[in-house]
Protein chains: 2
Amino acid sequence: MAKKKISESTIRRLSLYYRALSVLEKENHQTVSSKELAKREKLTPAQVRKDLSFFGSFGTRGLGYPVAELRNQVASILGINRLWKVALFGVGNIGSALVSYKEFARQGFRIVKLFDNDQRKIGSNHKGIIISDVRNMNKEIAEANVEIAVIAVPATVAQYIVDDVVDHGIKAILNFAPINLKVPDDVYLRNENMSMELEYLSFAMVNNHTQKRPKV
Amino acid sequence: MAKKKISESTIRRLSLYYRALSVLEKENHQTVSSKELAKREKLTPAQVRKDLSFFGSFGTRGLGYPVAELRNQVASILGINRLWKVALFGVGNIGSALVSYKEFARQGFRIVKLFDNDQRKIGSNHKGIIISDVRNMNKEIAEANVEIAVIAVPATVAQYIVDDVVDHGIKAILNFAPINLKVPDDVYLRNENMSMELEYLSFAMVNNHTQKRPKV
DNA sequence: CTCGGTTTGTGAACGTTTTCACATGTTTCC
DNA sequence: GGAAACATGTGAAAACGTTCACAAACCGAG
């Protein structure tokens, strides 16, 4: 594989393109220009073209990009043209919300396992999934072919859970706990820090921060 | 005001510093070096020093930074050394989770109003807050002195809600709907796109993407 | 089949952010 | 009180990401 260096920003923008293309397809557009695509996600046309050009030539000069086809291409680049099995740890406030979060399913992420350590929850059925005892993650993760773990447990126990999850061979983790988790180099870890954006708003307001286009 | 140009990344890292400093303070550390602070949030010491230097000289050579004091300074820079009143729109899966999300409260964001358009929810008490009819936002927002709106309604109606919210004078919006909202230039808008990070993981896995330190 | 209008793909220029490297200052220890 | 260790603050250099600008390619009309 070519292993060119793709920037994080580009990948994040690919998510936006994918979203916009899904809408365009639903709206029955056959083609779309970089200009229109840019407008829909508050980016610049040059940016759109440059991003896509890292992965190939998908457009036609004078015409634009074929919507349906480009959408498939982007899905394939992002790796979401398939099903990813996800295990969710911590069926609390955030965790329960994520189980029903339609957007995940729509993009091929299927939550197939729920884990908790609360005896009152274990064994009960939450939106069609039986909550398992986190201590049984060993065989259950393997049985279900889980590849991604979503961590929605309290910050105080997140590291322990992650250590276990890593021990059981999971290589991709999405963390909602407000803590910096340690994982080996070969494990992909992303953090979802919901207060960070609120803090950004707060900063902007108290500083009259003249905002550029948000960096995606 | 000096109006120096502070980058978005720097502000996002300030959130991380704040978090780390809170932990350090709880652990009774008097001072902390840029090295230690960097280690705790997977950054580099130079980055930490540079970021802080944009706002002043908070450290002592040979010693490091005074934990408690720096934490206050950072809070003050971020504008979270005060209470922000927040209204939440959409008491669905995500919305309900956010009401109980401790981290918001801990950083000075208090959800004081809940709005929905579902007659079955309106009037009911959700974690101590009565859910209001979204059509009454006019007087309720003003009465409660709300300054920040959190949007957790379905993507299909998000733009309508936001238009109203903006009409009623709100200048800061945190959006959880997976859609690109249009707001006037003087309104701060940030998006929380939870599937984006999952897509990043997916991309990384299918591409064996050699990951740098995630960009905050 | 040519012309005018479009729009891509992409090196090169530009701007921004990160990292480096070191002078400066503080503390600790003998 | 001097030396060694430590750690900040910051210009300058390097790396990185974005925008520019234009040649190349395609479309549709006449």
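The values are calculated or read from the model by the stated rules, or taken from the named source; none is laboratory data. For clarity, every value in this text was computed on a predicted model and none was experimentally measured. FYI the Cβ positions are ideal-geometry reconstructions off the backbone, even for glycines, and counts take in every protein chain you see. Only protein heavy atoms, including side chains, enter the accessible area calculation; ligands, DNA and RNA are left aside. Shrake-Rupley method; radii C 1.70, N 1.55, O 1.52, S 1.80 Å.
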Most positive-pole-ward Cα, A:Gln119, A:Val91, A:Thr60, against dipole of the stretch A:46-167 from beta carbon charges: A:Thr60
Shortest-first nm distances, A:Gly169 label point to equivalent points in other copies (7 Å, Cα→Cβ): 6.0
Nearest-first distances (nm) between copies at A:Ile130, label 7 Å from Cα via Cβ: 4.4
Beta carbon of chain A nearest to the axis of the rotation taking A to B, residue and angstrom distance: A:Ala97, 2
Accessible area buried, both sides summed, chains B and A with 1.4 Å probe, Å²: 7100 Å²
Local net charge near A:Ser124, Cβ-Cβ under 15 Å (Lys/Arg +1, Asp/Glu -1): +1
Fraction of accessible area attributable to carbon and sulfur, chain A (%, probe 1.4 Å): 49 percent
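Using only the Cα atoms, work out Rg/Rh for the stretch B:2-140, with Rh taken as the Kirkwood radius, to two decimals. The partial results should precede the final answer.
Numbers: Rg = 19.4 Å, Rh = 17.3 Å.
Value, to two decimals: 1.12.
With a 1.4 Å probe and all protein chains left in place, how much accessible area per residue does the stretch B:106-216 have, in Å²?
Accessible area per residue, the stretch B:106-216: 47 Å².
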Which listed pairs, of B:Lys42/B:Lys171; B:Lys39/B:Lys182; B:Lys5/B:Lys42; A:Lys26/A:Lys50, have C-alpha distances above 27 Å, in listed order: B:Lys42/B:Lys171; B:Lys39/B:Lys182
Residue-wise HN-Hα coupling along the stretch A:83-92, computed from phi with Karplus coefficients 6.51, -1.76, 1.60 (Hz; x: Gly, Pro): 9, 10, 8, 10, 10, 10, 10, x, 9, x
Global geometry of the protein assembly as shown, whether rounded, prolate or oblate, following the gyration tensor of its Cα atoms and the 1.5 cut on a/c: rounded
Label spacing, shortest first and in nm, from B:Glu36 to its equivalents in the remaining copies (7 angstrom along Cα→Cβ): 5.7
Vicinal HN-Hα couplings computed from phi for the stretch A:193-202 (Karplus, 6.51 cos²θ - 1.76 cosθ + 1.60; Hz; Gly/Pro x): 10, 6, 7, 4, 6, 5, 5, 4, 4, 4
Residues losing 20 Å² or more accessible surface upon assembly, the stretch A:131-152, compared with the chain by itself, 1.4 Å: A:Ile148
Nonlocal amide H pairs with B:His126, under 5 Å, H built at 1.01 Å: B:Ile131
Chain A: calculated mean residue ellipticity at 222 nm from DSSP helix runs of at least 4, using -39500 (n - 2.57): -13000 deg cm²/dmol
Dipole in debye (nearest 20) - chain B, about Cα centre, beta carbon charges: Lys, Arg +1; Asp, Glu -1: 1000 debye
Relative contact order computed over chain B (Cα-Cα under 8 Å; 6+ residues apart), in percent: 15 percent
0 to 90° range, to nearest 10: angle between helix A:67-78 axis and chain A longest Cα axis: 40 degrees
